[in-house]
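Trainee: Mind looking over this structure? Questions follow.
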Amino acid sequence: MKNIENTPQNYANGRAVVIDKDMIIKRAADKFGEFLTSLGCDWKNDPNSKDTPMRVAKAYVNELWKGRYEELGDITTFPANGYDGLVQESNIPIVSMCSHHHQLIKGKVSVAYIPREDGRVIGLSKINRIVEHFSRRGQIQESLTVDIHNAIDIICKRNKGVAVMIDASHACVSCRGVKHQGASMQTAKLSGAFFLNPHTKKEFYDNIKISKT
């Protein structure tokens with residue numbers, strides 16, 4: 001894929017920069033060990049914590065933030081064959097991380113787009129892959145919403161509209177600060193027919209409600 005990656009630290013010209021993951025993991029583990037020491041933790045002499053810096057570094061590079069270090073890869077599309085109606089997948093689970101406090105974001109993503117009759121449709125599981133790729137970066141929910149929208153918009157060329165809605169809870173709200181349990185945050189990015197046509201917009205949100213029943 002081209003021109004859909006936008007993490008400046010690790011991407012150039014829309015492509016992932018070749019990086020040495022092992023080097024990043026080692027460097028991050030060393031620094032995390034220093035961080036624990038700065039907090040007053042005697043982690044080197046604690047059998048439960050002595051390997052924690054390496055565990056944390058590996059988790060970030062290989063799982064939590066792997067979208068920063070891996071390319072999205074090829075996304076399969078197929079001819080629309082005259083179909084120009086709404087295509088929607090709702091309640092895609094995400095586990096992400098807020099870049100403010102590095103706390104968990106957990107929720108659901110709903111994605112919709114309208115192809116042109118002579119355009120392309122995206123392989124269904126590839127929508128999940130796009131969502132997973134961008135959620136594994138560490139960023140605010142607003143940016144994640146836009147990233148997923150823009151990726152679908154580029155992959156489904158000349159589409160009639162794209163809609164993305166995220167409903168997620170944030171551990172930075174439930175575990176720190178006001179410590180409110182059960183609160184969730186909704187963000188949405190709509191374009192084309194979803195932004196201009198009230199009926200299309202309503203259909204998108206109605207489908208989300210239907211999928212939850």
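Every read-out reported here was derived from the displayed coordinates using simple, explicitly stated rules and does not represent laboratory data. Just so it is clear, the structure is predicted and the values come from calculations on it, not from any experiment. Positions of Cβ are generated from backbone atoms using ideal geometry, with glycine treated the same way; all protein chains shown enter the neighbour counts.
Trainee: What is the calculated FRET efficiency for D74 to S99, with r their C-beta to C-beta distance and R₀ = 35 Å, to the nearest 0.05?
Mentor: Computed FRET efficiency for D74 and S99: 0.80.
Trainee: How big is the dipole moment of segment 11-69 about its Cα centre under a simple scheme where the beta carbon of each Lys and Arg is +1, that of each Asp and Glu is -1, and everything else is neutral? Debye, nearest 20, please.
Mentor: I would put it at about 280 debye.
Trainee: Roughly speaking, what is the stretch gain from E117 to S143, that is 0.36 nm per residue apart minus the C-alpha to C-alpha distance, in nm to one decimal?
Mentor: Taking 0.36 nm per residue and subtracting the Cα distance, the gain is 6.3 nm.
Trainee: Compute the signed sum of charges (Lys and Arg +1, Asp and Glu -1) over the other residues within less than 11 Å, Cβ to Cβ, of N81.
Mentor: The answer is -2.
Trainee: From the phi of every residue in segment 94-101, what ³J(HN,Hα) in whole Hz does the Karplus formula 6.51 cos²θ - 1.76 cosθ + 1.60 yield, where θ is phi - 60° and glycine or proline is x?
Mentor: Rounded to whole hertz, the list is 10, 10, 10, 9, 6, 6, 6, 10.
Trainee: Sticking with this one: Just round it to a whole percent: the fraction of Cα-Cα distances in segment 94-141 exceeding 15 Å.
Mentor: 53
Trainee: Give me the base-10 log of I(q)/I(0) for segment 11-69 at each q in 0.25 Å⁻¹, Debye formula, one uniform scatterer per Cα, rounded to two decimals.
Mentor: -0.98
Trainee: Quick one: which residues, 5 or more positions from T77 or on another chain, have an amide H under 5 Å from its amide H? H modelled 1.01 Å from N in the peptide plane, none for Pro or chain starts.
Mentor: G123
Trainee: I would also like to ask the following. Of the residues S143, S110, S135, which exhibits the maximal mean-square fluctuation in a Gaussian network model of the chain defined by a 10 Å Cα contact cut-off?
Mentor: S143
Trainee: Where does the chain land on the Kirkwood hydrodynamic radius, alpha-carbon pairs, in angstrom?
Mentor: Kirkwood radius, the chain: 18.9 Å.
Trainee: Could I ask something else about it? Put +1 on the Cβ of every Lys and Arg and -1 on every Asp and Glu Cβ in the chain; which of S125, H101, C175 then has its Cα farthest towards the positive end of the dipole?
Mentor: So the residue we want is C175.
Trainee: Can you compute the charge dipole magnitude of the chain about its Cα centre, using +1 on each Lys and Arg Cβ and -1 on each Asp and Glu Cβ, nothing else charged? Give it in debye, rounded to the nearest 20.
Mentor: Here the size comes out at about 180 debye.
Trainee: Give me the extension gain from S174 to N128: residue separation times 0.36 nm, minus the current Cα-Cα distance, reported in nm with one decimal.
Mentor: Extra length from S174 to N128 when fully extended: 13.9 nm.
Trainee: Right, another one. What does a probe at A183 reach in segment 85-126, counting residues whose amide N is under 20 Å from the point 7 Å along Cα→Cβ?
Mentor: Zone members listed by number: 96-108.
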